[in-house]
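Written below as structure tokens is the structure these notes are about.
Just so it is clear, none of the values below were taken in a lab; they were calculated from the coordinates. Just so you know, these numbers come straight off a predicted model, no measurement behind them. Neighbour counts run over all protein chains shown; Cβ positions are idealised from the backbone, glycine included.
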Amino acid sequence: MIIQVCIAYGYYGLFQSPVLCTQFHMFTAVLFSILSGYTWPYYGMPEGLQFISISIPVFNVISIVRKVSLMGAGPTLLTKYFLALLVWLLVAAGLGLLGCAETDEARERTV
């Protein structure tokens, strides 16, 4: 959830318009839900799409839920997914900070 909020701030800093931000977020949300392995298993995708699927933060969350609920996996099997989410958190926080900085600069220009 924190990752999504940071990415949303980054989108807003990039587009400077709530409407464009929402449209772009919905466009990427649909793609991410298809490519994340939630609606279609990632191992059934071509190799290029598998790499993209693994790169999406939702993939790691879904993998954690699947492994815990279906296999009863412990922390040792989930470490790589948590590390991937930590990397995404750092990237998303940087994107969010850039978006906030862009928003502040835009406000200063209009004043």
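Pick out, from L49, L89, L20, the residue whose Cα sits farthest towards the positive end of the charge dipole of the chain, with +1 on the Cβ of Lys and Arg and -1 on the Cβ of Asp and Glu. Going by the charge dipole, the pick is L49. Within the chain, helices built from complete DSSP H runs that reach 15 Å or longer along their own axis (Cα positions) and carry a mean Kyte-Doolittle hydropathy of 0.5 or higher are 2-15, 18-35, 75-110. Please label the shape of segment 32-93 as rounded, prolate or oblate, based on the square roots a ≥ b ≥ c of the eigenvalues of the alpha-carbon gyration tensor (a/c under 1.5 means rounded; beyond that, a/b larger than b/c means prolate, else oblate). Note, shape of segment 32-93 comes out oblate.
Over all pairs of different C-alpha atoms, the chain has a mean inverse distance whose reciprocal, the Kirkwood radius, equals 15.4 Å. Compared with the direct C-alpha span, the chain from L83 to K67 gains 4.2 nm at full extension, assuming 0.36 nm per residue. What you get for the chain, charging only the Cβ of Lys and Arg (+1) and of Asp and Glu (-1), is a dipole of about 380 debye around the Cα centre.
Label sites at I34 and T76, each approximated as a point 7 angstrom past Cα along Cα to Cβ, lie 4.0 nm apart.
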